[in-house]
Amino acid sequence: MNNVSRNRTTPASPKRDQLYATAVREFGRALDRLAAGYEADPEKRHDLRQDIHLQLWRSFEGFDGRCSLKTWTFRVAHNTAVSYVQRERRKNTRLVGLEEIESTAPSGEREPDIDRERALQQLSEFIRQLKPLDRQIMISYLEEMDAAAIAEITGLSPANVGMKIHRIKSILSSRFLEEKRYV
Amino acid sequence: MSETSPSKDPAALWKTQPEEKTQVNLEQIVNRRTGELYASTRSEILMSIGAAVLLVGVTVLRFGPSGNLLEQIACALVVVWVAVTSYRMRARIWRPPARPDAAAVTGAEYYRRELERRRDHLRDAWLWHGPLFLACLILVAIWRGSPFGIGISIARPIDRVMPLVVALALWTGYGIWRRYRQAREIQREIDEMQRE
């Protein structure tokens, strides 16, 4: 359940408010996870979530239905998060691409069962070191979107996305043991 | 641990991560952004007025008692300019931000007004930067050959500060351009809000 709250002084625009409410109801949890893929610090992540919600709310004024609500929502959310990453980039270590990770991925060094919390931490850290576009694809993939939907969000061609997904699967399988549910 | 254990299945692991505890409240977000806009506009205005007062002080001290009519006219113009701009901006300094729940004002309206206030502030770029830019151009003109007929005796000392003057002019020009660009961005946001 999403925990976005509003009260009666919230800006009124029936269309925008309705779309925003629907998006939050349907994708609110995914947006929280998306923010977690971009920022590790809880306080900063809260700010990022606020930014994402603000931009999302503002963006619905221009929503014309030419793409799905889901595509629109994730496009706005990713763009906001990417801008955030660019702002924060000066303080962070450099980001890497999937290709680079794939070429340096450990082989045969799989860890045995690790606890869930640590595994999630590893996965999150792994995502956060990716370059923005690769990160978008990785997060969308983990949200179980197909290549066409990811292509629509990122603006890449489905073939290109397919290739990146192939890399992601390879990296995940080498780092996180089994990885077999997704195509 | 089963084969479908979340720790072994990245997507399941990703999708079942703990929920965020802190709430996202749209009203708070809009109010926070409005507050940020108000604070940045106010601090910019206060800094600008501080700089202007300093400029007036220096100008009056340096050129006021000189007895040169041209310098005294320039000095008076600077004082008038500072007085006019300060007068124009007084409301933006002291007016407290309206409460978002004030009568019949929605959060969006409150936010829009703050955007307009910031846009107006940014559009006043020439009020603050213009005279400085003009002063730089005049100094450059004097240095280049005194088209005003007043620079012969001071041309030599100006040689020393000319790189600084040119840098100042470029910086001022860039500042004006940046402010107008920001004003356009804010206007676009206002237009988006008004399309509803």
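Laboratory data are not the source of any read-out in this text; all were calculated from the coordinates shown. Since this is a predicted model, take the numbers as computed values, not measurements. We place every Cβ from the backbone using ideal geometry, glycine too, and count neighbours over all the protein chains shown.
In order along the range A:142-159, the phi-based Karplus estimate (6.51 cos²θ - 1.76 cosθ + 1.60, θ = phi - 60°) of 3J(HN,Hα) comes to 5, 7, 6, 8, 8, 4, 5, 5, 5, 4, 5, 6, 8, x, 7, 6, x, 5 Hz; Gly and Pro are listed as x. A simple count of charges around residue A:46, restricted to other residues whose Cβ falls under 11 Å of its Cβ and scoring Lys, Arg +1 and Asp, Glu -1, yields -3.
Ranked by the mean number of other Cβ atoms within 10 Å of their residues, highest first, the peptides A:137-147, A:154-164 fall in the order A:137-147, A:154-164. Between residue B:15 and residue A:157, the modelled labels are 3.0 nm apart [label points 7 Å from Cα along Cα→Cβ]. If you take the Cα centroid of the range A:28-58 and the Cα centroid of the range A:151-167, the two points sit 23 Å apart. For peptide A:129-139, the mean count of partner chain Cβ atoms within 10 Å of a residue's Cβ comes to 0.
Dipole magnitude for the range A:14-91: about 180 debye, using +1 per Lys or Arg Cβ and -1 per Asp or Glu Cβ, origin at the Cα centre. Peptide A:54-63 has a mean of 3 when you count, residue by residue, the C-beta atoms of other protein chains within 10 Å of its C-beta. All other residues with a Cβ under 9 Å from the Cβ of residue B:34 taken together, and with Lys, Arg as +1 and Asp, Glu as -1, what is their net charge? That works out to +1. Here the peptides B:163-169, A:168-174 are ranked by packing, the mean other Cβ count within 10 Å, and the order with the highest first is A:168-174, B:163-169.
Amide H to amide H, with H built 1.01 Å from N, residue A:130 comes under 5 Å of A:96, counting only residues 5 or more places away or on other chains.
Per-residue mean of foreign Cβ neighbours for B:23-36 is 6 (Cβ atoms of other chains, 10 Å radius).
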